[in-house]
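S.K.: Just passing along the structure, written as structure tokens.
The values are calculated or read from the model by the stated rules, or taken from the named source; none is laboratory data. On a predicted model such as this, the values are computed, not experimentally measured, just so you know. Cβ sites come from the backbone with ideal geometry, for glycine too, and all protein chains shown count toward neighbours.
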Amino acid sequence: MSSLVQRYLEDVHTELLQERSGAVASYIPELARVDPDGFAICLATSDGHVYEVGDSRREFAIQSISKPFTYALALADRGIAAVGEKVDVEPSGEAFNEISLDPTTERPRNPMINAGAIASASLIDGSDAAEKFERVRRLYSRCAGRDLTVDEAMFASESETGHRNRAIGHLLRGYGIIEGDPQEAVELYFRQCSIEVNCRDLALMAATLADNGAHPLTGERVLDPALCERVLSVMTTCGMYNGAGDWVARVGLPAKSGVGGGILAVLPGQFGLAVYSPRLDQHGNSVRGVAACRRLSQDLELHFLHVT
Ligand code: GLN
């Protein structure tokens, strides 16, 4: 069985090597420097099998795939109700970096767009900025099952060019969503986006969500099951930016992508899947990543509405 899965993933990988459309993100100088041809697919099952194909140990910036995990930590720190007063769970249909709040609720529409992610970062407990970030870094590391670190060059690049995100921070402060220093929340967000992962890490992070918050290899309970359910719900409706509707229709798995080229997807109770390929489509999602997830979903009948 295990060699069958490995061979199947190798076939998908080989086929998708032909797919060369899309472009590496260039709005952050450090992102523009990555090798566009890197490509990996990893699958980690809830019972601890990890399959890796291609450049599965190549490191890249987690970028927006950080958002569900910081949201999970905010939920753990403050509770679902208190976080809900600050960040909604409605799909936005807008670009990830839209400078907007919902006009009726005056809240960010969801935690998967920047406004909601920066608001989530502001809700992390800790006595100072360093402690807050360390708690975030530790949570990601426990989900991955190894110690993750920040790419400082990426962080500097993110911080130098992050004017829209700073504007979002001040907007949130102006509306009372952020109660402390908005720049501290924005810096925390830049730092979390700059954490380096590889495709295997992402598959294990996804598998931890798939396994109700328990890491499939270390066995550690990292997240509460009720929080996992909340995070996966938001990933289902909002995880793929304004490509979310198409994603649900064609793949049907909770997922999150990042402009670094990663995508993770979760089949609850079964496995976590991750793809790395930095050429992006117009929404900011990895072209090969989307194609690989579609392919697996179809071939293996993974869509959550599929009835056998
Ligand atoms: N660094 C990114 C930003 O501009 C994260 C975005 C992403 O992965 N979509 O906020």
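S.K.: If you check residue 120 against the conditions, is it outside any loop (DSSP other than H, G, I, E, B), touching a residue at least 40 places away in the same chain (Cβ under 8 Å), assigned by TED's automatic domain parsing to the domain that holds residue 173 and closer than 15 Å to residue 186 by Cβ?
M.R.: Values: outside any loop (DSSP other than H, G, I, E, B): yes; touching a residue at least 40 places away in the same chain (Cβ under 8 Å): yes; assigned by TED's automatic domain parsing to the domain that holds residue 173: yes; closer than 15 Å to residue 186 by Cβ: yes.
Answer is yes for this residue.
S.K.: Would you be able to say whether some residue in the range 274-288 is within 22 Å of residue 6 (Cβ to Cβ) and surrounded by fewer than 22 Cβ atoms within 10 Å (Cβ to Cβ)?
M.R.: no
S.K.: What is the one condition in (1) surrounded by 18 or more Cβ atoms within 10 Å (Cβ to Cβ); (2) more than 19 Å from residue 271 (Cα to Cα) that residue 53 does not satisfy?
M.R.: For residue 53, the exception is condition (2).
S.K.: Okay, moving on. I'd like to know if the range 131-143 contains one or more residues that are more than 20 Å from the chain's Cα centre (by Cα), away from the ligand (no atom under 11 Å from the Cβ) and without any contact (Cβ under 8 Å) to a residue 24 or more places away in the chain. If you could, list the steps in order and put the result at the bottom.
M.R.: First, pick out the residues of the range 131-143 that are more than 20 Å from the chain's Cα centre (by Cα): 131.
Filter once more, keeping what is away from the ligand (no atom under 11 Å from the Cβ): 131.
In the following step, the residues that additionally are without any contact (Cβ under 8 Å) to a residue 24 or more places away in the chain were identified as 131.
Checked against the condition, which is being more than 20 Å from the chain's Cα centre (by Cα), away from the ligand (no atom under 11 Å from the Cβ) and without any contact (Cβ under 8 Å) to a residue 24 or more places away in the chain, the range 131-143 yields at least one hit.
S.K.: Quick one: how many residues across the range 265-285 are modelled with pLDDT of 95 or more and either in a strand (DSSP E or B) or within 13 Å of the ligand (Cβ to nearest atom) (or both)?
M.R.: Step one: filter the range 265-285 for residues modelled with pLDDT of 95 or more, giving 265-280.
Filter again for either in a strand (DSSP E or B) or within 13 Å of the ligand (Cβ to nearest atom) (or both), leaving 265-267, 271-276, 278, 280.
Qualifying residue count for the region: 11.
S.K.: Picking from 173, 221, 200, which residue would you name as being touching a Pro at 6+ places or on another chain (Cβ under 7 Å), at pLDDT 95 or above, of a type in the set (D, E, K, R) and more than 11 Å from the ligand (Cβ to nearest atom)?
M.R.: Numbers: 221 fails: touching a Pro at 6+ places or on another chain (Cβ under 7 Å); 200 fails: touching a Pro at 6+ places or on another chain (Cβ under 7 Å).
So the residue among 173, 221, 200 that is touching a Pro at 6+ places or on another chain (Cβ under 7 Å), at pLDDT 95 or above, of a type in the set (D, E, K, R) and more than 11 Å from the ligand (Cβ to nearest atom) is 173.
S.K.: Restricting to the range 240-264, and then to whatever is farther than 16 Å from residue 111 by Cβ and within 16 Å of the ligand (Cβ to nearest atom), can you tell me which residue is surrounded by the fewest Cβ atoms within 10 Å (Cβ to Cβ)? Don't jump to the end; show me each part of the working.
M.R.: Just the residues of the range 240-264 that are farther than 16 Å from residue 111 by Cβ, to begin with: 243, 245-253, 259-263.
Then drop every residue that is not within 16 Å of the ligand (Cβ to nearest atom), which leaves 243, 247, 259-263.
Details: 243: 17, 247: 26, 259: 24, 260: 29, 261: 32, 262: 28, 263: 28.
Only one residue fits best here, namely 243.
S.K.: Which pairs do you get when a residue that is among the acidic types (Asp, Glu), found in the range 186-199, comes within reach of a residue that is within 12 Å of the ligand (Cβ to nearest atom) and in a helix (DSSP H, G or I), reach meaning Cβ atoms under 8 angstrom, with the pair 6+ apart or on two chains?
M.R.: Sorted first by the residue in the range 186-199, then by its partner, the pairs are 187/159; 196/154.
S.K.: List pairs: first residue in the range 233-258 and at pLDDT 90 or above, second residue of a type in the set (D, E, K, R) anywhere in the structure, Cβ distance under 7 angstrom, at least six positions apart or on different chains.
M.R.: Once the first residue is at pLDDT 90 or above and sits in the range 233-258, its partners that are of a type in the set (D, E, K, R) give 235/256; 251/294; 256/67.
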